[in-house]
Every structure is written in structure tokens, then in C-alpha cells.
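Undergrad: Below: one structure in C-alpha cells.
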Amino acid sequence: MAATDSELLGSAVTGTSRAVVRTVVGMPTSDGAGVKLTRVIGTQALSYLDPFLMLDEFGSDDPAAYIAGFPSHPHRGFETITYMLDGRMRHRDNHGNEGLLTAGAVQWMTAGRGIVHSEMPEQEQGRMRGFQLWLNLPSGEKMRPVEYQDIEPHKVPVVELPQGGQVKVIAGHFDGVRGPAPERTTQPVYLDVRLTAGSQFQSAIHIAKSAFLYVYEGEVSVGPGSGHAVTAPKLAELAAGDYVQVTAMKDARFLVIAGIPVREPVARYGPFVMNTSEQIHQAIADFQQGKF
Ligand code: FE
């Protein structure tokens, strides 16, 4: 097992600053029963950022864009992580779990060997905004039992930055603070950062991890030297290195997401993500026979 970010804590950020490899703009699409969203990972431009299979941003003040929600549908072979910025979403699944995600809440759902769930807005007006990230599971863990965790807003620690801004620690570590997400083989990092114009953010990200930023408000400069400008809404894939350094050119908000790549073949078909097409056929058969 590779060293963890926590081993780098307690010392100043040292080593190589991660540069921007490329930036990617999300693609407008709709999913579920017609929810309008922006797909950032899981498109032709960026099909997979190992170990992350998908990143969707949803956000609208118009109920027509979200009201239909995501009625009953299956998943197998990975995890979905939903982070709400605004609005309320009700989760129900066939394993008896139910949860209400409110602004600032995180839902960590391990589909594992199979789940059927619905994700429905619990509001008829106002703003609905958030993200859903799909985290792959290594082959040996794809058929693990279903797990469901509701992480309430107050359980997500907030670190205030001295220069102005704050960091919400959802998964991994920042500045000695650990997020509430479960431990995983891929050691995921998930930070939500808010910076005021001119302020800086630095965080160690272990060199074994792939990493990206998703800038969803404002403009930042990323990396060594004069940096690489990234304007919202845009994903910036980061090169290998020991830490990431971000300066806000304007007031900005962005996600910092990282994890150890799985480095295995990916066979995906809609809500199923396995290693081989045989396993996909098996998933479809098992779902149709009610084995989820
Ligand atoms: Fe789902």
C-alpha cells in the first residue's frame, strides 16, 4: 500500500507542485427522468480519470430542469458520491436505506454487488445544485456488500484559511483534519475549497494519486511559476507531483479530487461498471432476475 497523505502532514508542503496537464469543459446532457446536468467526466472528451468514472454537476433555479429526478434504477461495481450545495434530495433503495440530502450533505453509496435506488428532489421550487462523482472499485471489491452513508452537513469539517477562504474536508486529509468519508483502497481525496480573490491554497496530494480540480465559480491560477489560468466551469487535470498550489484570481470555488488509480480494464454499460463484458451481461441478468 502506498503512503497516505497523512504521512505528509505536520511538515510544510515540499517537493514538486502539480502542473495542469489539460483543461476540460463539461458537456450539457440530461439523465434520469430528464434532469439537466453537465457531465464533466464520463464523456468522449474525458471518458475516465482513473479511479473516477464520472463527475456530474447539476445546478438550476428552474424546477423543470430537476423536478423529474432519478426514479428507480440499478448500479453495480462502484460507488456514487453525491454532494449537495443547495436543495434537498431524497434517496431510497431496495436495501431499506432512506436519506434526505440537504445543502452541504454528502451521500456515500457503495453499490458493490448491486443496488436499486431512486434520487428524487424534495422541493418543487428554488435552487438545486450539487455534484455526483463515481468512484471505481478494484476488481476484488466490485461485488462487496452494499453500503450507504449519509454524512450530514455538520459532520463535514471546515478549515478556515488564514489568507481568506475555507476548505470543507469530505474525504482524505487537509491541514491535519480528516474527512468523514470511509477508508478506501483508492484513498480518495475530496475537498471543497472557497477562496477570496488573491488568496492561496496549498495541499499535499500523494504522488501515487491522480488528481484534478473542478473549478465551479470564479477563476484560479494553478501550479508552479506564474501558473495556469482556469476559469469556471472547467476541470483541470493535474500532472504527477507532491502538492497542488492554487491562487484565486477572482473569488473562486473549486473541488480538489484525487485517488490512487485502479489500473484495470473498464467495461461499462450505463449504471454497471465492471472489468469484462461477461460481467456486464451477468449484471444485466442478475438485475433482471431481481438479484440486486
Ligand atoms: Fe443512481
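Undergrad: Working carefully through the options Ser226, Ser203, find the one that is hydroxyl-bearing (Ser, Thr, Tyr) and at pLDDT below 95.
TA: Ser226
Undergrad: Turning to a different aspect of this structure: Evaluate region 149-167: report whether one residue or more is in a loop (DSSP other than H, G, I, E, B), away from the ligand (no atom under 14 Å from the Cβ) and closer than 24 Å to Gln279 by Cα.
TA: Checked against the condition, which is being in a loop (DSSP other than H, G, I, E, B), away from the ligand (no atom under 14 Å from the Cβ) and closer than 24 Å to Gln279 by Cα, region 149-167 yields no hits at all.
Undergrad: Okay, next question. What do you reckon, is Ala103 within 20 Å of the chain's Cα centre (by Cα), of a type in the set (Gly, Ala, Ser) and under 24 Å from Arg39 (Cβ atoms)?
TA: Considered against the rule, which asks whether it is within 20 Å of the chain's Cα centre (by Cα), of a type in the set (Gly, Ala, Ser) and under 24 Å from Arg39 (Cβ atoms), Ala103 comes out as yes.
The rows are residues; the columns are (1) in contact with a His (Cβ under 9 Å, 6 or more places away or on another chain); (2) acidic (Asp, Glu); (3) closer than 21 Å to Thr82 by Cβ; (4) free of Cβ contacts under 8 Å to residues at least 12 places away in the same chain.
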residue	(1), (2), (3), (4)
Leu238	no, no, no, no
Thr247	no, no, no, no
Leu255	no, no, yes, no
Ser277	no, no, no, yes
Ile284	no, no, no, no
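Undergrad: Answer yes or no: is there a residue in region 244-262 that is surrounded by fewer than 23 Cβ atoms within 10 Å (Cβ to Cβ), more than 25 Å from Pro188 (Cβ to Cβ) and basic (Lys, Arg).
TA: yes
Undergrad: Among the numbered criteria (1) of a type in the set (Gly, Ala, Ser); (2) within 16 Å of the ligand (Cβ to nearest atom); (3) in a strand (DSSP E or B), which single criterion is violated by Ala68?
TA: With respect to (1) of a type in the set (Gly, Ala, Ser); (2) within 16 Å of the ligand (Cβ to nearest atom); (3) in a strand (DSSP E or B), Ala68 is out only on (3).
Undergrad: When residues of region 217-233 are filtered for being under 18 Å from Ala45 (Cα atoms) and crowded, with 20+ Cβ neighbours inside 10 Å, how many remain?
TA: Counting residues in region 217-233 that are under 18 Å from Ala45 (Cα atoms) and crowded, with 20+ Cβ neighbours inside 10 Å gives 1.
Undergrad: If I filter region 71-91 down to residues being surrounded by fewer than 17 Cβ atoms within 10 Å (Cβ to Cβ) and within 11 Å of the ligand (Cβ to nearest atom), which single residue comes out as farthest from Ser139 (Cα to Cα)?
TA: Residue satisfying both the conditions and the ranking: Pro71.
Undergrad: Sticking with this one: Here is a list of conditions, (1) without any contact (Cβ under 8 Å) to a residue 12 or more places away in the chain; (2) under 25 Å from Pro28 (Cβ atoms), and Gly218 meets all of them except one; can you say which number that is?
TA: (1)
Undergrad: When only residues in region 43-65 that are in a strand (DSSP E or B) and of a type in the set (A, V, I, L, M) count, which is farthest from the ligand (Cβ to nearest atom)?
TA: Only one residue fits best here, namely Leu49.
Undergrad: Restricting attention to region 213-235, which residues are closer than 14 Å to Thr38 by Cα, among the hydrophobic types (A, V, I, L, M, F, W, C) and outside any loop (DSSP other than H, G, I, E, B)?
TA: Val215, Leu235
Undergrad: Among the numbered criteria (1) loosely packed, with under 15 Cβ neighbours inside 10 Å; (2) touching a residue at least 12 places away in the same chain (Cβ under 8 Å), which one does Pro162 miss?
TA: With (1) loosely packed, with under 15 Cβ neighbours inside 10 Å; (2) touching a residue at least 12 places away in the same chain (Cβ under 8 Å) applied to Pro162, the lone miss is (2).
Undergrad: Taking into account only those residues within region 92-124 that are acidic (Asp, Glu) and in a strand (DSSP E or B), which is nearest to the ligand (Cβ to nearest atom)?
TA: Top of the filtered list is Glu119.
The values are calculated or read from the model by the stated rules, or taken from the named source; none is laboratory data. Owing to the predicted nature of the structure, the values given are computational and were not obtained by experimental measurement. Counting neighbours? That spans all protein chains shown, and the Cβs are built from the backbone with ideal geometry, glycine included.
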